[in-house]
Every structure is written in C-alpha cells, then in structure tokens.
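Take a look at the structure set out below.
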Amino acid sequence: MGFPQKWCGWVRGILCSARSAILVNGSPTFEFGCEKGLRQGDPLSPFLFLFVMEAFSGLFRKATCIGAFDGIRFPNGGLVINHLLFADNAMLLGEWSRFNFLNMKRILRIFFLCSGLKINLNKSTMIGGWSGV
C-alpha cells in the first residue's frame, strides 16, 4: 500500500517485540515472547484490520474484473457489488452458481494463506436466492 519502510518497521517492531513474564510466588519467571500479535483492546488493532480488509477487498475486486467472480449487477450498466464490510464481518454478494461458490472458496483460501485469518464456520451463513430475471 506504499507505506514507508520506517513506518512498516515500527509496526513490525510492535508486533514482534512484546515480551511477558509470569509471577510465581511473587517472583517473575523468565521472559518469553508473545506470539499472537496484537492483544484485544490494542489501539493499533482497528487500523491493521482496515489494511488487511483492503487486501480482502482487492482480491474480490480483481476476481470480478477478470471474470472469476460474478457480483450483483444493478440494471442498466449500474454498479457491481461483490462484498460489504462491517466492523469485523464481511458479506459476500454474488450470483448463486457453482462457478461463484468454487471461486469464492478459492479466493477465501488465498486470503487465509496470505493473512492467516480463518473463517469461523460456526458464525458463517450462506443464503441462496433466485432472481428469475
């Protein structure tokens, strides 16, 4: 996204430098690295989430542009919508077809491999419809 190297280094430092120790009978143990990145409530978290979701949006925009995913098309050459993003949720919109379903799975798999973010299937729903147009 064109961020300067210095800024990227600062963010990388924040994510990689966290260290903790546990108190046992009032005495700290040895320090160990925290490897899960940002903690809940970290003020940097919403900003990094936006950057990651920009990449997610880019994958679906590109897929629509090259014909690998058919979004919802408004009539008379209007807007094409393939996804909507909310606070920490995404809604994918497209033609109800096997082609779209398989390519959606592929795009989500690529996103997971690049970002490490998994889809929570317990919180996911797929709804089909038929327009008849």
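The values are calculated or read from the model by the stated rules, or taken from the named source; none is laboratory data. A quick note: this is a predicted structure, and the numbers were derived from the prediction, not measured. Reconstructed Cβ throughout: ideal geometry from the backbone, glycine too, with neighbour counts over all protein chains shown. SASA here: full protein model, heavy atoms, side chains in, ligands and nucleic acids out. Shrake-Rupley method; radii C 1.70, N 1.55, O 1.52, S 1.80 Å.
Some observations on this one:
- Condition check for P28: within 27 Å of I127 (Cβ to Cβ), open to solvent by 40 Å² or more (accessible area, probe 1.4 Å) and over 21 Å from the mean Cα position of the chain (by Cα): no
- Filtered residues of the stretch 84-102 (kept if polar (S, T, N, Q) and open to solvent by 50 Å² or more (accessible area, probe 1.4 Å)): N89
- Selection within the stretch 103-114: residues that are of a type outside the set (F, W, Y) and open to solvent by 50 Å² or more (accessible area, probe 1.4 Å). The member of this set that is nearest to F47 (Cα to Cα) is C114.
- I81 being surrounded by 11 or more Cβ atoms within 10 Å (Cβ to Cβ) and within 19 Å of the chain's Cα centre (by Cα): yes
- Close pairs from the stretch 116-133: first over 21 Å from F49 (Cβ atoms) and at pLDDT below 80, partner of a type outside the set (D, E, K, R) and open to solvent by 100 Å² or more (accessible area, probe 1.4 Å), Cβ under 8 Å, at least 6 apart: G128/W96; G129/W96; W130/W96
- Restricting attention to the stretch 50-91, the residues that are outside any helix (DSSP H, G or I), closer than 16 Å to S115 by Cβ and touching a residue at least 12 places away in the same chain (Cβ under 8 Å) total 4.
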